[in-house]
1. Would you mind telling me which numbered condition in (1) away from the ligand (no atom under 12 Å from the Cβ); (2) over 21 Å from ILE47 (Cα atoms) ALA74 fails?
2. Could you list all residues from region 210-236 that are crowded, with 17+ Cβ neighbours inside 10 Å and in a loop (DSSP other than H, G, I, E, B)?
3. Against the definition (in a helix (DSSP H, G or I) and over 30 Å from ILE385 (Cβ atoms)), how does GLN290 come out, yes or no?
4. Kindly indicate the residue of region 153-171 that is over 29 Å from SER125 (Cα atoms) and among the small types (Gly, Ala, Ser) and also farthest from the chain's Cα centre (by Cα) among those meeting that condition.
5. Looking only at residues in region 366-375 that are buried (at least 16 other Cβ atoms within 10 Å of the Cβ) and assigned to a helix (DSSP H, G or I), which one is nearest to the ligand (Cβ to nearest atom)?
6. Count, please, the residues in region 337-358 that happen to be touching a residue at least 60 places away in the same chain (Cβ under 8 Å) and within 13 Å of PHE258 (Cβ to Cβ).
7. Identify, by number, the condition in (1) within 9 Å of the ligand (Cβ to nearest atom); (2) under 24 Å from ARG365 (Cβ atoms); (3) surrounded by fewer than 19 Cβ atoms within 10 Å (Cβ to Cβ); (4) without any contact (Cβ under 8 Å) to a residue 60 or more places away in the chain that PRO140 doesn't meet.
8. When only residues in region 1-48 that are in a loop (DSSP other than H, G, I, E, B), out of contact with any Gly (no Cβ under 9 Å at 6 or more places or on another chain) and of a type in the set (A, V, I, L, M, F, W, C) count, which is surrounded by the fewest Cβ atoms within 10 Å (Cβ to Cβ)?
Amino acid sequence: MTAPAELDALRAKVCDFIEQHAIPREDPALAHDVGRLDAAVAELRAIARAAGIYAPHLPVEIGGLGLDWQQRAAILEEAGRSFLGAPALNCAPPDQPNMVNLLRHGTPAQREAYLMPLVRGELRSCFAMTEPAPGAGSDPAMLRTTATRVPGRGGAPGKWVIDGHKWFISGAVGAAFAIVLARTGDGATLFLVDTGNPGYRLLRNIPGMDGYQVGGHGEILLERCEVGDGAVLGEPGQGFAYAQARLEPARLSHCMRFIGRAARAMEIAQDYALRRESFGQRLADLQQVQAMVADSHIDLHASRLLVQDCARRMDAGQSVKHESAMAKIFVSEAVWRVADRAVQILGALGISDDTPVSMIQRELRPFRIYDGASELHRATLARRIFTQGLRP
Ligand SMILES: Cc1cc2nc3c(=O)[nH]c(=O)nc-3n(C[C@H](O)[C@H](O)[C@H](O)COP(=O)(O)OP(=O)(O)OC[C@H]3O[C@@H](n4cnc5c(N)ncnc54)[C@H](O)[C@@H]3O)c2cc1C
């Protein structure tokens, strides 16, 4: 897709889909109910496919729309207005970055067995890196999950034995496979582990703030979990590098979707401010409310510009280590501020489930923690600024 008019038409189609199909299916009762959420997403995917808006991030050859990053920014923002939008278009994490991992590093057999069913929406997946203390969290080097290679005897093929404990693994409930990061010798390796493997156990779905995560957030135990050499994703020993490489585009995609979500919260608050009166004036006529609305527009505009700048650089094949960290910090904090102001403008209604605003705010809060906490990104940025002598 090259012409701006084509992108405008696609954006209009996605907008229509979100308004006509996704938003009407939102229901606070779906949140935290993995089965009902899966069923709603499956229904929406059929409609999205028929509308020609499915899988915007994937190459055309495997059934996607082949959009570049700048085009994706527009479409993901539109889809992100609804909790159900990105899953419906099959461009939501963890499946979205997992597809990227498989596209980049998968063997033909792995693509056939794992990537293509994911693309078709026949199954779900998860990505298992984080561990409870004292394991890997903000610092992946603290990884304690191990994978040990056991050579085969008498001509039998060798195998890997994985042992570890993971948590906050998004999408784990109902996932058909996990991409697991495990320590192998001095480095780490990614493994494709079927969740039906007898050594793989889902301990629980961790109750949390963001109820619309498809497949919840799982805690997982890997106990003498045996997989063959065919389960290694990419080169052994490259797991940390692969995990890092997936994070940059993943966090940018999150920014795109969440700008849409925060914009929707502010639209609802603005509508309320135009209707609701207090002391003989509309809320929209009160300067303190006006300031909250104006500041939110500034936050959203600045967020879009940061994301568009990253997208343009990525389309040009440039590294965006520095810029994507700045975008992640700013956008994750800005969308939170916007949602928080929306709650404030709505008063008591804002904290209820009568509007989607309170759920939007709950969903945006964790974004300041995952894909690198704000503090970590600030520390990395400052280190680079001082060591490279970057001018402000
Ligand atoms: C909603 C959600 C979904 C997630 N999904 C997944 C998933 O699918 N797969 C997966 O593997 N993981 C997932 N995670 C886990 C996520 O990657 C981790 O929460 C994150 O890496 C931080 O690790 P931690 O929670 O152990 O925090 P810790 O490492 O314990 O850090 C706690 C806090 O300490 C501060 N801090 C830590 N280190 C530093 C530092 N060097 N400098 C300054 N401050 C610091 C930060 O404020 C940080 O928030 C998810 C988390 C959430 C909340």
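1. (2)
2. ASP210, GLY211, TYR212, GLN213, VAL214, GLY215, GLY216, GLY234, PRO236 - these are the residues of region 210-236 that are crowded, with 17+ Cβ neighbours inside 10 Å and in a loop (DSSP other than H, G, I, E, B).
3. yes
4. Let us first name the residues in region 153-171 that are over 29 Å from SER125 (Cα atoms), namely 153-156.
Still in the running and among the small types (Gly, Ala, Ser): 154-156.
Details: GLY154: 45, GLY155: 43, ALA156: 40 Å.
So, considering only residues that are over 29 Å from SER125 (Cα atoms) and among the small types (Gly, Ala, Ser), the one farthest from the chain's Cα centre (by Cα) is GLY154.
5. Step by step, filter region 366-375, then rank; the result is PRO366.
6. 2
7. Here PRO140 clears every test but (4).
8. Looking at the filtered set, the residue picked out is ALA3.
Read-outs throughout are calculated quantities, based only on the coordinates presented, and are distinct from any laboratory measurement. Bear in mind the structure is a predicted one, so any value in this text is a computation, not a measurement. Every residue, glycine among them, receives a Cβ derived from its backbone with ideal geometry; neighbour counts consider all protein chains shown.
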